[in-house]
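Here the structure is laid out as C-alpha cells; the discussion comes afterwards.
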Amino acid sequence: MTVPEKPSLEGLEQKWSERWESAGTYRFDRSRQRDEIYAIDTPPPTVSGSLHVGHVFSFTHTDCVARFHRMRGLELWYPMGWDDNGLPTERRVQNYFGVRCDPSLPYDPNFKPPPEPPKVPLSISRPNFVELCLRLTAEDEKAFEDLWRHLGLSVDWTKTYTTIGRQAQRTSQRAFLRNLARGEAYSAEAPTLWDIDFKTAVAQAELEDRDQAGALHRIAFHRPDGSEVVIETTRPELLPACVAVVAHPDDDRYRVLFGTTVTTARFGADVPVVAHELADPEKGTGLAMICTFGDVTDVVWWRELGLPVRSILQRDGRLQASPPDGLSAAGQAAYEELAGKTVKQARTHVVEQLRASGELRGDPTPITHAVKFYEKGDRPLEIVTSRQWFIRTLEHRDALLGRGKELRWHPPYMQARYESWIDGLNSDWLISRQRFFGVPFPLWYRLDDDGAPDHTGALVPDEDRLPVDPTTELPDGYTEAQRNRPGGFAADPDIMDTWATSSLTPQIAAGWVDDPDLFARLFPMNLRPQGHDIIRTWLFATVVRSHLEHDSLPWSDVAISGWILDPERKKMSKSKGNVITPMALLTQYGSDAVRYWACSARPGTDTAFDEGQMRVGRRLAIKILNASRFVLRLAATGSEETAIDTSAITVPLDRAMLARLAALVDEATAAFEGYDYARALERTESFFWFWCDNYLELVKGRAYGAHGEAGAASAQAALRLALSVLLRLFAPSLPFVTEEVWSWWQPGSIHRVPWPDTAEFDSLSGQGDSLQLEAVAWVLGRVRSAKSERKLPMPAPVARVCVEAPSNELRLIEVASDDLKEAGNIADLELAALPDGSEPSVEVEIQSS
C-alpha cells in the first residue's frame, strides 16, 4: 500500500486514460451470452467542427449508467459512433475548403484544395467532394476521441463505427432494399418541403417555426355575376398557382358559393369554391386561397379535396419560365413579368400589379407570423413538387404507439412527447436528400427511348453486392456505355437522409449484416440514451426501422437528457452561437469536477451551465483524496492490508455508521436502477460530507489508539470498509479520483470490482443503530457551534457539556461518550434525562484560559 504524502488531482486524466487503454479495462468480452451483457446504443455525435459542453453533459450521464452496470457484473457493449454524413458535414467542408460539389464534373485524381479558401467556391466532382468530407471528418473524429478520453468515457474504442463507413452503408442499403421489397418504401412525385439554400428536401421532423415579419393582403376575386369575394393572404406571389378558394363548411357567409367558381385576381384562372374544416372563419375574411403550394395546409387541402396541381416554384427558389395551365391570356402576359424572379421579387411585383388593376383592397397589413424553416436553414422553406423516397409510417401509427408503451422511459413523462409526435404526423417519413455525402440509394432505372426514367420498377442489386454506389457501378446486364442513354439506365441521384442511416445505429454497431453471432448477443439492446429534442427524429425513426425489420423494439429502456441552457436560459447550440467548448473547463476544474456538474442534473431536465457547480465538484474530489489519505495512513503500510478485517468492528458507534451506510447503498442502487444517476450522486455526496465532518472526527482519537487497541482496530476497519464502499458509490460519477485512491491500497481497477452490496456488512450494520451516529453528531455540532460563537479553534478545551434529552437518546449518546469527549476535547460530559417527547438541549461551558 502506497499513499502519497500530497495527493493531487492534476494529471489524473492522462495517467488513468492511458492505463485503462493499455490494460483493456473497458474492452468488450464477446464470449458472454445475451443475459450477461448490457448493450448501449451510443449516440453518434455529428462530426462537424467541435463538441460543446452540451455533449459533455449528456454523454456523462450515459457513462455513469454504463459504469454502474459494469460494476454490477454485466459485460458492457459500449461503443462510440461518429455521425459523419449529412448536411452539417457538407456545409463545414464547403466553408473549410471553399468548394462546392458539381456532380456533372469528372473525378480529378490529382485535385488538391487550395491552401486558403477562395472567395468564389471551386466546383469539384462528387468523388472529389466526398474525399474532402472523409478527410475533414477523420481529423474531427480524432479531436473528438481525445476529448472523450479526457472526460473518462468508458467506451471500448476498438468498437468505433461511423455512419458513412462501408458497414454503415451495407446496413443502410440492406434495410432499405428490404423495406422496398415489403412495400414499406416507395417513391412518389409529391409536394415536398424544400430548402432553397441547401437544395434538398426536408422531413417533417426537421422543421422548426420561427416568427417572421410579413403582411396580409386583401385581394378581390371575381364571381361570374360581376360581384366580388375578398380573400386575405400573406403569399400574393402564389396567385398564379391558385387552384381553389376554401371556407369552413359551417360559415353561413359562403354557403351559397360552395360548388360555384370564381376567377382569380390578375391571372384570370377559374377556380372552384370548396368547403373544408381546416378553414378558419375567424381568420381574415374567412375565405382563403388554396395554392400549389404555399404551406403544409395547402398540401392537406390539395390531397383531401382532390385538386389539380398548378405549380410555379422551382427548386432554386425562382418562378418557372412558362406560365401554368388555366390562366387567361391577360394572366399569361402578367405571369411573363414574373418568370425567373425570386419569391421576394415576385411578391413585390404582384402587389404592384394588383394595386394597378384595382384588385388590392387597402394597404397590406404588417403582421408577425410563424414560418417553417429547416432547423439548420436560413431562409423559409418552400414547397415544390419533386420525386422523393418515403417509408410508410402513417399506416403503422397504432403499432408505433404500442411500441412506445412497451418501452421503459426515464423519466416516464417523456413518453408523452413520443406519442404527441406520432399523433401529429401528417405524412410518411421522407428519407431522400438531394445532397452528396451520404449513403446512396442502391438503385438504377431503365430509360425509355426518349431517355425518361421508368420509376415503376427499379433495378436493384443482390444483397451480397452491397454497398453499391449506383453513380459509379453498373446494374446487372448493362454496360457503362448505356449509362444515361436512351434505352439504357440511370442511377438514382439521391442519398439517404442522415436519420435514415442513424435510425439503424443498433444494427450498424451490433453487426446485423457482418456479424450475426454478435448481433444475436446484443439485440434488442438495453439502452438508448439521447436528448429530448430528437425523440421525434432519432428515437422515433429507430423504433420504425426495428418494428418493420425485426418486429420488436430496438432496446428495452430509453434515458432522456435535457438541454444545456446559457445564462439567459436559452438552449446552447452552434446555430445560436452561444456554445461553450469543454476542453478548457476540463483542464481548469478537472474532468471529475465537470462530470460532477453534469451528474447533478435530474434526468430529462434542462440545466443551466454553472461553473459554480464545477468548483463544488472539484472541492469534493480534493476532499476524497484527503479523507482517503487520512483513513489509509492510520495503519502501517503493507500489502496484507488490502483486506479488511470486519470481525474487528465491535464498537457500537462504528456499527451505527455502517447501518447508515447500508441504507445509502440500497438508496443509491435503487436510484441507478431507475436511471437516476443524479439522486445516487446526491445521496452519496451527502453521506460522505456527514461522514467526514462527523464520524471521522468522532473516531479519530480512538483510531489513533486513545482508547486501546480493540477500539482502534474497530475504528480503522470501519473507516476502511466505509471508504471502500464510498469509493465504489462515487466511481460512476467521479472515475479518475476514485481510481487513483483505489490504486493506493487495492489491486486492479475499481471500475471492474463489484458494486457495493449490503451483504458485505449486513451482520455488522444490522447490529448498529444509525440514530446513534446522528444523536452523537448532533451534540458534537452544538459543541462546535459554541466554540465558533466565541471565535475559538475547534481543538479548544471544553470544561463541561450537559446534554438533556429523552432517555432513549441519552442511552445512544452514553454508549459513544468516550468518542464524543475525545472529539470535542470535553473534560466533563453530563447526561440528564427528560420525559419522552421533550426537546433535547445542550449546554456548553468553555474552559477558562
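List of remarks:
- Here the Karplus curve 6.51 cos²θ - 1.76 cosθ + 1.60, taken at θ = phi - 60°, turns the phi angles of segment 812-827 into couplings of 5, 5, 4, 4, 9, 4, 5, 5, 5, 5, 5, 5, x, 6, 9, 7 Hz, with x standing for Gly and Pro.
- Estimated FRET transfer efficiency when R0 is 22 angstrom, pair residue 796-residue 839 (beta carbons, to 0.05): 0.25
- For segment 486-525, the residues whose amide N sits under 18 Å from a probe point set 7 Å from the Cα of residue 34 along the beta carbon direction are 506-525.
- Candidates per trypsin sites (Lys or Arg not before Pro) in segment 748-849, loop by DSSP, up to 13 other Cβ within 10 Å: 790, 791
- At q = 0.13, 0.16, 0.21, 0.22 Å⁻¹ the log10 of I(q)/I(0) for segment 695-790 amounts to -0.63, -0.88, -1.15, -1.17, computed by Debye summation with a single uniform scatterer per C-alpha, solvent ignored.
- The angle between the Cα long axis of helix 540-550 and the longest principal axis of the Cα atoms of the chain comes to about 90 degrees, rounded to the nearest 10.
- Distant-in-sequence amide contacts of residue 216, defined by a placed amide H-H separation under 5 Å and a gap of 5 or more residues or a different chain, comprise 365, 367.
- Summed residue charge, Cβ within 9 Å of residue 353's Cβ, Lys/Arg positive, Asp/Glu negative: -1
- When 615, 92 are compared by accessible area of protein heavy atoms, the largest-first order is 615, 92, using a 1.4 Å probe.
- Modelled spin labels at residue 19 and residue 619, positioned 7 Å past Cα toward Cβ, are 2.8 nm from each other.
- Backbone N under 11 Å from the residue 629 label point (7 Å along Cα→Cβ), restricted to segment 1-44: 3-9
- Annotation for residue 645 and residue 610: the two label points, set 7 Å from Cα along the Cα-Cβ direction, are 4.5 nm apart.
- Gain on full stretching of the segment that runs from residue 211 to residue 370 - 0.36 nm per residue minus C-alpha separation: 56.8 nm
- If you take the Cα centroid of segment 300-349 and the Cα centroid of segment 1-57, the two points sit 58 Å apart.
- List 359, 682, 352, 336, ordered by accessible area with a 1.4 Å probe, largest first: 336, 352, 682, 359
- Global form of segment 371-496, assessed from the alpha-carbon gyration tensor, a/c cut-off 1.5: prolate
- Take the Cβ atoms of residue 426 and residue 788, set R0 to 41 Å, and the FRET efficiency comes out at 0.05.
- For residue 16, solvent-accessible area (1.4 Å; no DNA, RNA or ligand), Å²: 20
- Alpha-carbon centroid distance for the pair segment 650-714 / segment 62-133, whole angstrom: 50
- Rounded to 0.05, the FRET efficiency of the residue 825 and residue 686 pair, given R0 = 35 Å and the Cβ-Cβ distance, is 0.80.
- Taken one residue at a time, the phi angles of segment 403-418 give Karplus couplings (6.51, -1.76, 1.60, θ = phi - 60°) of 4, x, 6, 6, 6, 8, 9, 10, x, x, 5, 5, 4, 4, 5, 4 Hz. Gly and Pro are set to x.
- Over the chain: helical MRE at 222 nm, DSSP H runs n ≥ 4 each giving -39500 (n - 2.57), nearest 500: -12000 deg cm²/dmol
- Prolate/oblate/rounded call for the chain, Cα gyration tensor, a/c under 1.5 rounded: prolate
- In nm, spacing of pseudo-spin labels at residue 261 and residue 379 (7 Å Cα→C-beta vector): 3.5
- A straight chain from residue 355 to residue 285 at 0.36 nm per residue would run longer than the Cα-Cα distance by 23.3 nm.
- Per-residue HN-Hα couplings for segment 703-718 [Karplus 6.51, -1.76, 1.60; θ = phi - 60°; Hz; x = Gly/Pro]: 5, 7, x, 5, 10, x, 5, 5, x, 5, 4, 5, 5, 5, 5, 5
The values are calculated or read from the model by the stated rules, or taken from the named source; none is laboratory data. Not measured: the values here are computed from a predicted model. Neighbour counts run over all protein chains shown; Cβ positions are idealised from the backbone, glycine included. All accessible areas refer to the heavy atoms of the entire protein, side chains included, with ligands and DNA or RNA removed. Shrake-Rupley method; radii C 1.70, N 1.55, O 1.52, S 1.80 Å.
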